[in-house]
Amino acid sequence: SGPGAPPRAMAILDSPNPPKPHVFIRGNPGNQGKEVPRRYLRLTSNSPPAEFKDGSGRKELAESIVSADNPLTARVLVNRVWMHHFGAPLVSTPSDFGLRSDPPINPEMLDHLAHQFTKDGWSIKTLHRKIVLSRTYRQSSADRPDARAVDPENLLLARFNRRRLDFEATRDAVLSVSAKL
């Protein structure tokens with residue numbers, strides 16, 4: 001009802017019989033190539049994936065992405081949450097888990113957290129709690145010469161890396177020290 005509102009409600013209706021998709025040669029929609037079936041990516045599947053049958057296949061695509069047969073989705077999300085908490089991801093290229101990316105620093109940790117994440121019903125809150133309550137997250141940032149000799153870049157997190165506080169955290173720390181929080 002506002003001045004910039006559209007003249008009608010905008011909604012998407014999934015067509016029960018969508019048109020068959022085609023490959024666009026050189027990306028040109030005016031130059032259609034052969035017809036392709038709607039299905040999940042064959043590249044990431046061990047066996048040829050089944051074709052999507054219900055409507056446009058959006059729901060089936062979403063189910064394929066979060067399927068137990070597809071560990072990549074959980075690994076990517078766990079890697080990004082880890083990066084948020086520790087400042088560095090387990091896989092140094094969080095947007096690329098492909099063949100050209102670097103391997104995970106700790107693949108067992110990544111797989112364990114991804115497995116627990118899916119087992120806990122894809123609960124991000126539980127994943128955050130698991131990481132924050134871990135001994136790795138709660139350790140001191142004090143330097144350890146024995147660990148520095150083995151791992152000078154601290155990739156294996158023998159100590160917590162120091163991080164600059166943002167303004168809100170700095171303000172809260174000052175107010176807490178002055179007993180005015």
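The values are calculated or read from the model by the stated rules, or taken from the named source; none is laboratory data. This structure is a prediction, so every number in the text was calculated from the model and none was measured. Using ideal geometry, Cβ is built from the backbone for each residue, glycine included, and neighbour counts are taken over all protein chains shown. Just the protein is used for accessible areas: all its heavy atoms, side chains included, with ligands, DNA and RNA removed. Shrake-Rupley method; radii C 1.70, N 1.55, O 1.52, S 1.80 Å.
Selection of region 162-180 for residues being part of a loop (DSSP other than H, G, I, E, B) and either small (Gly, Ala, Ser) or more than 22 Å from Gln139 (Cα to Cα) (or both) yields Ser178, Ala179, Lys180.
The condition (being touching a residue at least 40 places away in the same chain (Cβ under 8 Å), crowded, with 16+ Cβ neighbours inside 10 Å and outside any helix (DSSP H, G or I)) is satisfied by just one residue among Leu157, Leu127: Leu157.
Quick grid of which residues meet (1) open to solvent by less than 70 Å² (accessible area, probe 1.4 Å); (2) of a type in the set (Ser, Thr, Tyr); (3) touching a residue at least 60 places away in the same chain (Cβ under 8 Å):
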site	(1), (2), (3)
Val23	yes, no, no
Lys34	no, no, no
Leu43	no, no, no
Ala88	yes, no, yes
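Filtering region 8-46 to residues that are over 30 Å from Asp96 (Cα atoms) and of a type in the set (A, V, I, L, M, F, W, C) leaves Ala9, Met10, Ala11, Ile12, Leu13. Residue under question is Leu99, and the condition is that it be part of a helix (DSSP H, G or I) and of a type in the set (A, V, I, L, M, F, W, C); does it hold? Spelling it out, it is not the case that Leu99 is part of a helix (DSSP H, G or I) and of a type in the set (A, V, I, L, M, F, W, C).
Listed here are the residues, each with its yes/no results for (1) among the polar types (S, T, N, Q); (2) under 30 Å from Leu133 (Cβ atoms).
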| site | (1), (2) |
| --- | --- |
| Pro16 | no, no |
| Asn28 | yes, no |
| Val36 | no, no |
| Val76 | no, yes |
| Pro89 | no, yes |
| Pro104 | no, yes |
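Restricting region 90-120 to residues that are at pLDDT below 90 and charged (D, E, K, R), the residue that is most open to solvent (accessible area, probe 1.4 Å) is Arg100.
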